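Undergrad: Pasting a structure below so you can have a look.
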Amino acid sequence: TAVPPADVQSFVPGVVQEAVRFQEGSTTLTLVLSRTGMYREPADIAHARLYATLFEGRLDWEGLQQRWQIVDFVRDCPVDVTLRYTRPAHHLSDADQDGMLEIWVSYFHACRGDVSPSTLKLIGYEGKQKLAMRGSATLVYEFEGEEQTQTGEAPVMDAALRQSPALS
């Protein structure tokens, strides 16, 4: 169920991009995706931060607990910053059918001054176990009237994801 950003803005840093509430058994979970957007400090250096925070409990200070938080950033970038969620930005699964959700968040990450693919990150949690896959997006663009494709790096799974047979 979608949650209005104003209902959760005070619980997270950055500006809320999306918030959703769902159940894991009898536990109410709320996933809040936020980011700062690009800012310059000093004027010629760009930075950005992105946050994905999972809370369990009601959306008031009474009993609400943070289960985990993803924090990523681009710092000290002299050119263009990309740090934004994909669409859709999150996915819920239970691939290993153990009753505990895998909660996935995906986003683009780059500091670049050319036309090259962004890093594409897929970060997931099952309970408090972090799982990750990183690679590059495929870039499709038009040049002199012809469609061009630039393929990025193949995805690489972290050790925790490789060791999870139902997920790898």
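Undergrad: Could you report the accessible area of Y51 in Å², rounded to 10, computed with a 1.4 Å probe on the protein chains as they sit in the structure?
TA: The value for Y51 is about 30 Å².
Undergrad: Taking the Cα centre of segment 83-156 as origin, work out the dipole magnitude from +1 charges on Lys and Arg Cβ and -1 charges on Asp and Glu Cβ, in debye rounded to 20.
TA: 460 debye
Undergrad: Subtract the Cα-Cα distance of W68 and T36 from 0.36 nm times their separation in residues, and report this length gain in nm to one decimal.
TA: Values: separation 32, 0.36 × 32 = 11.52 nm, distance 1.88 nm.
So the extension gain works out to 9.6 nm.
Undergrad: Using the beta-carbon distance between Q150 and R87 and R0 = 30 Å, what value does 1/(1 + (r/R0)^6) give for FRET efficiency, to the nearest 0.05?
TA: Approximately 0.90, to the nearest 0.05.
Undergrad: Could you rank the peptides 68-74, 102-108 by their average count of other C-beta atoms within 10 Å per residue, with the highest value first?
TA: So the peptides 68-74, 102-108, ranked by packing, come out 102-108, 68-74.
Undergrad: For segment 111-168 and segment 19-72, what is the centre-to-centre distance using only Cα atoms, to the nearest Å?
TA: Value for the Cα centre distance between the two parts: 21 Å.
Undergrad: Keeping every protein chain in place, order I123, I45 by accessible area at 1.4 Å, biggest value first, i.e. largest first.
TA: Accessible-area ranking of I123, I45, largest first: I45, I123.
Undergrad: Suppose every K and R has +1 on its Cβ and every D and E has -1 on its Cβ; what is the size of the dipole of segment 1-87 about the Cα centre, in Debye to the nearest 20?
TA: 140 debye
Undergrad: Continuing with this model, one more query. Rg and Dmax of segment 1-59, Cα atoms, in Å?
TA: Both quantities, over Cα of segment 1-59: 14.0, 50 Å.
Undergrad: Name the residues of segment 79-108 whose amide N is less than 20 Å from a point 7 angstrom out from the Cα of V140 along the C-beta direction?
TA: 85-89, 107-108
Undergrad: Residue by residue through segment 82-92, which ³J(HN,Hα) values in whole Hz follow from phi under the Karplus form 6.51 cos²θ - 1.76 cosθ + 1.60 (θ = phi - 60°), with glycine and proline marked x?
TA: 10, 8, 8, 6, 6, 10, x, 8, 9, 8, 10
Undergrad: Which of [x] 34, 18, 13; [y] 27, 20, 15; [z] 30, 22, 13 is the computed semi-axes √(5λ) of the Cα gyration tensor in Å for the structure on display?
TA: [z]
Undergrad: How large is the dipole of segment 15-168 about the Cα centre if only Lys and Arg carry +1 and Asp and Glu carry -1, each at its Cβ, rounded to the nearest 20 debye?
TA: 440 debye
Undergrad: Please list, in chain and number order, the residues 5+ apart from T86 or on another chain whose amide H is under 5 Å from its amide H, with Hs placed from the backbone.
TA: S106, Y107, F108
Undergrad: For the chain, what's the relative contact order in percent, using C-alpha pairs closer than 8 Å and at least 6 residues apart?
TA: Averaging sequence separation for qualifying contacts and normalising by length gives 12 percent for the chain.
Undergrad: If you roll a 1.4 Å probe over the heavy atoms of the protein chains, what accessible area per residue do you get for the chain, in Å²?
TA: Per-residue value: 57 Å².
Undergrad: For segment 87-168, treating each Cα as an identical point scatterer without solvent, what Debye log10 I(q)/I(0) comes out at q = 0.13, 0.26 1/Å?
TA: -0.51, -1.25
The values are calculated or read from the model by the stated rules, or taken from the named source; none is laboratory data. Nothing here was measured: the structure is a model prediction, and the numbers come from that model. For neighbour counting, all protein chains shown are included, and Cβ atoms are generated from backbone atoms with ideal geometry for every residue, glycine included. Keep in mind that these areas ignore ligands, DNA and RNA; they rest on the heavy atoms of the full protein, side chains included. Shrake-Rupley method; radii C 1.70, N 1.55, O 1.52, S 1.80 Å.
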